[in-house]
Structure formats: structure tokens, C-alpha cells
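Remarks on the structure that follows.
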Amino acid sequence: MAREALHQQQAKDYYILLLITDGILTDMDQTIHMIIEASELPMSIIIVGVGNADFDDMERLDADDSLLSIGSRKAKRDIVQFVPFRDFKNVPASKLAAEVLEEIPGQLAGYYNNLKYVL
């Protein structure tokens with residue numbers, strides 16, 4: 001659906017993919033390639049990590065410090081927000097919601113600004 005929206009005359013749809021994971025990736029390189037490809041699409045990816053796993057791979061996908069890249073390929077923009085659920089177990093649900101959605105406004109605006117689309 002996000003790929004189809006890219007080809008619309010007027011880009012009016014924006015998608016948010018929510019992934020809930022235990023943190024285990026079977027193919028990090030393929031995942032990075034797919035996120036880089038998706039960085040051109042009208043979408044954001046929210047990853048919520050559950051359990052006590054090592055979430056270093058999820059933190060890498062979040063790419064807050066620099067755009068995600070592999071080899072000569074580089075993401076057009078940051079589209080991933082990672083949140084470890086364990087950090088929010090004993091706080092109000094509103095804190096978790098705020099963290100999960102924190103980057104969405106900037107990601108959405110970044111996509112439409114690249115299109116020179118007026119929001």
C-alpha cells in the first residue's frame with residue numbers, strides 16, 4: 001500500500017507499521033536494505049521490543065544519530081522509532097504512547113517536505 005501511495009498524483013496517504021518483537025533478527029542486512037528502500041515511501045516504522053533480549057540490533061535500526069546505511073546505500077530519511085517496552089513497565093501508559101509516537105510528526109513532515117507538498 002505504501003508503495004502504491006508513492007505513485008499517486010497527490011500523495012495523501014501515510015502509513016505507520018507497528019512491529020512488536022523479541023529483538024531477534026535472522027537477517028540484519030536484509031532488514032537494513034528493506035528499511036533503506038522503505039525510506040522513500042510514505043511510511044514510518046515503530047518497533048516495540050518486548051522481553052529482556054539484547055536490543056542492540058533494534059537500536060541500530062532506529063538510527064537516531066545518523067541515517068541507516070549499508071554498503072553504498074543510505075536511507076533518504078529516518079523512518080524507524082524503537083522503544084523497549086521494559087523501560088515503560090511501571091509508568092503510565094501515556095508515557096509509552098508519547099515515546100512510541102515521538103518521531104512520527106517529524107518523519108511525516110520530512111516525507112512531505114521532500115515532495116514539496118504543503119501540509
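The values are calculated or read from the model by the stated rules, or taken from the named source; none is laboratory data. Values in this document were obtained by computation on a predicted structure and should not be read as measured data. Neighbour counts are summed over all protein chains in view; Cβ atoms, including those assigned to glycine, are modelled from backbone coordinates with ideal geometry. Accessible surface is based on the protein model in full, side chains and every heavy atom, while ligands, DNA and RNA are left aside. Shrake-Rupley method; radii C 1.70, N 1.55, O 1.52, S 1.80 Å.
For region 26-49, the set of residues classified as within 15 Å of K74 (Cβ to Cβ), small (G, A, S) and not in a loop (DSSP other than H, G, I, E, B) consists of A38 only. Within region 102-119, being of a type in the set (A, V, I, L, M) and open to solvent by 90 Å² or more (accessible area, probe 1.4 Å) holds for V118, L119. Here I16 fits the description: β-branched (V, I, T), at pLDDT 95 or above and either open to solvent by 60 Å² or more (accessible area, probe 1.4 Å) or under 15 Å from N114 (Cβ atoms) (or both). Can you name every residue in region 50-85 that is of a type outside the set (A, V, I, L, M, F, W, C), open to solvent by less than 70 Å² (accessible area, probe 1.4 Å) and either more than 24 Å from Y14 (Cβ to Cβ) or outside any strand (DSSP E or B) (or both)? Those that are of a type outside the set (A, V, I, L, M, F, W, C), open to solvent by less than 70 Å² (accessible area, probe 1.4 Å) and either more than 24 Å from Y14 (Cβ to Cβ) or outside any strand (DSSP E or B) (or both): G51, D57, D62, R77, D78, P84.
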